[in-house]
Amino acid sequence: MLAQILQELQKKQVKLVAVSKKKPVEQIQKFYNQGHKIFGENYIQELKAKQEQLPNDIEWHFIGHLQSNKVKDIAAFIRLIHTVDSLKLLTEINKRAKQNERIIDCLLQFHIAQESSKFGLQWQDAQEILTSDKFNQLHNVNIVGVMGMASFTEDQNQVREEFRILKSIFDRLKSEFFNQKDDFYHISMGMSGDYPLAIEEGSTMVRIGSLLFGKRD
Ligand SMILES: *Cc1c(COP(=O)(O)O)cnc(C)c1O
């Protein structure tokens, strides 16, 4: 399954984040042994425990809701945080990155779903953050794109429409704020159930869990 998905994604130059939440280290190690090194986790304690047990060259992505007081636990090693949804969080990531003498790559998470339960920024929130004096002083975080989750629905048209919204937010951010920045590049959208649609709508990075690892309890 991994090889099949990777082949499909490589043709389109889309990155695969293998979402390993609630799955044992043995299963991650198996994919690692097949050559895959990018894994996504949702829970801080679980991520920390796995990171300590697994090879050092794994590229860990954080994709869950992140509380500011937990940033310190992953700041030394996290490669990409997909879920930045406030200036407060970004400020804390910057502080902990600096303590670790690192620059941490981040994506701005946008609320694109109809459901009220999903986290994320609206356009105005992002605009406020990016135009603030405070943001300009954060030299240890690097914004490299956007992330979003579509509604959990069978309605393909709705899902497609939500992915289009995220792509248009990305395009607008790129032209208004990151015009000169080649590494503002990523659109993290698409999961097991909707990743082909997400790729059609411009995804550069898909987050696939159950399709690779099997269903979670
Ligand atoms: C769990 C999760 C995924 C993967 O979901 P699957 O449907 O198992 O592929 C992707 N993104 C986020 C943010 C998740 O929490």
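Taken together, the values in this text are just the output of simple stated rules run on the coordinates, not laboratory data. Just so you know, these numbers come straight off a predicted model, no measurement behind them. Methodologically, a virtual Cβ is constructed for each residue, glycine included, from the backbone with ideal geometry; neighbour enumeration extends over all protein chains shown.
Near residue 11, which lysines are there with a Cα under 22 Å away, not counting those fewer than 8 places off in the same chain?
37, 167
Between residue 130 and residue 10, what is the spin-label point distance in nm, taking each point 7 Å from the Cα along the Cα→C-beta axis?
Reported label-point gap for residue 130 and residue 10 is 3.4 nm.
So if we plug the beta-carbon distance of residue 137 and residue 164 into 1/(1 + (r/R0)^6) with R0 = 35 Å, what FRET efficiency do we get, rounded to 0.05?
Details: r = 34 Å, r/R0 = 0.97.
Efficiency for this residue pair is about 0.55.
If all Cα-Cα distances of segment 1-111 are sorted into 10 Å bins from 0 onward, what percent lands in each bin, rounded to whole numbers?
Result, from short to long distances: 14, 45, 32, 10, 0 percent.
Which pairs in the list 22/134; 72/174; 23/134; 95/118 are over 32 Å apart, alpha-carbon to alpha-carbon? Intermediate values should be presented prior to the final figure.
Numbers: 22/134 36 Å; 72/174 29 Å; 23/134 38 Å; 95/118 26 Å.
Pairs exceeding 32 Å: 22/134; 23/134.
How much mean residue ellipticity at 222 nm does the chain get from its helices, if each DSSP H run of length 4 or more adds -39500 (n - 2.57) and you divide by all residues, to the nearest 500 deg cm²/dmol?
Details: 9 runs with 86 residues, N = 217.
Result for the chain: -11500 deg cm²/dmol, rounded to the nearest 500.
Return the long-range amide H neighbours of residue 147 (sequence gap of 5 or more, or a different chain), with a cut-off of under 5 Å between placed amide H atoms.
Hits under the 5 Å cutoff: 108, 109, 110, 188.
How high is the relative contact order of the chain, in percent, counting Cα pairs under 8 Å that sit 6 or more residues apart? All intermediate terms of the calculation are to be shown ahead of the outcome.
On the way: 363 pairs, mean separation 42.6, N = 217.
Once normalised by length, the contact order is 20 percent.
What nm distance separates the two modelled labels at residue 22 and residue 3, each placed 7 Å from Cα along Cα→Cβ?
Between residue 22 and residue 3, the simple spin-label model gives 2.9 nm.
Pick out, from 148, 90, 129, the residue whose Cα sits farthest towards the positive end of the charge dipole of the chain, with +1 on the Cβ of Lys and Arg and -1 on the Cβ of Asp and Glu.
90
On a full-extension model of 0.36 nm per residue, what is the gain between residue 69 and residue 116, subtracting their alpha-carbon distance, rounded to one decimal in nm? Walk me through the numbers before you get to the answer.
Working: separation 47, 0.36 × 47 = 16.92 nm, distance 2.40 nm.
Taking residue 69 through residue 116 to full extension adds about 14.5 nm, to one decimal.
List the equivalent ellipsoid semi-axes of the chain in whole Å, largest first, each obtained as the square root of 5λ for an eigenvalue λ of the Cα gyration tensor. Before the final figure, lay out each step's value.
On the way: eigenvalues 127, 104, 47 Å².
Rounded to whole Å, the semi-axes are 25, 23, 15.
Show which aspartates and glutamates lie in cross-link reach of residue 181 when reach means a straight Cα distance below 20 angstrom and same-chain residues fewer than eight apart are skipped.
105, 128, 133, 171
How much FRET efficiency would the formula 1/(1 + (r/R0)^6) give for residue 57 and residue 182, where r is the Cβ-Cβ distance and R0 is 30 Å, rounded to 0.05?
Working: r = 25 Å, r/R0 = 0.82.
With R0 = 30 Å, the Cβ-Cβ based efficiency is 0.75.
Excluding residue 103 itself, what net charge comes from residues whose Cβ is under 13 Å from its Cβ, given Lys and Arg +1 and Asp and Glu -1? Write out the running numbers ahead of the final one.
Details: positive: 79, 95, 96, 98, 102; negative: 101, 105, 183.
Computed value for this residue: +2.
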